[in-house]
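Read the figures in this text as sums done on the coordinates, not as results from a lab. Note that the structure is predicted; figures quoted are calculated from it, not measured.
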Amino acid sequence: MEVIYGLIPFMIILGLGAVALLFWAARNGQFDDMDGEAHRILMDEDLEPEKKEEPENQSDK
């Protein structure tokens, strides 16, 4: 039963740490754009693939 006297303060400190972490993340913009990153992977960009440069002919030697 004495172990509960150590667990209760530990759980309170752990809970306060989790709340502090949540507020820190919200203040630093972690939750600003929840849909943008999720939809960005689905966007089809119509970019042409880059052409590989062909090596120059070295027949001049």
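Mind checking the full-extension length gain between ALA20 and LEU42? Use 0.36 nm per residue of separation minus the Cα-Cα distance, one decimal, nm. Numbers along the way, then the final one.
Values: separation 22, 0.36 × 22 = 7.92 nm, distance 3.36 nm.
Taking 0.36 nm per residue and subtracting the Cα distance, the gain is 4.6 nm.
How far, in nm, would the chain grow between ARG27 and TYR5 when pulled straight, counting 0.36 nm per residue and subtracting the alpha carbon separation? Each step should come with its number before you reach the end.
On the way: separation 22, 0.36 × 22 = 7.92 nm, distance 3.39 nm.
Full extension of this stretch gives 4.5 nm more.
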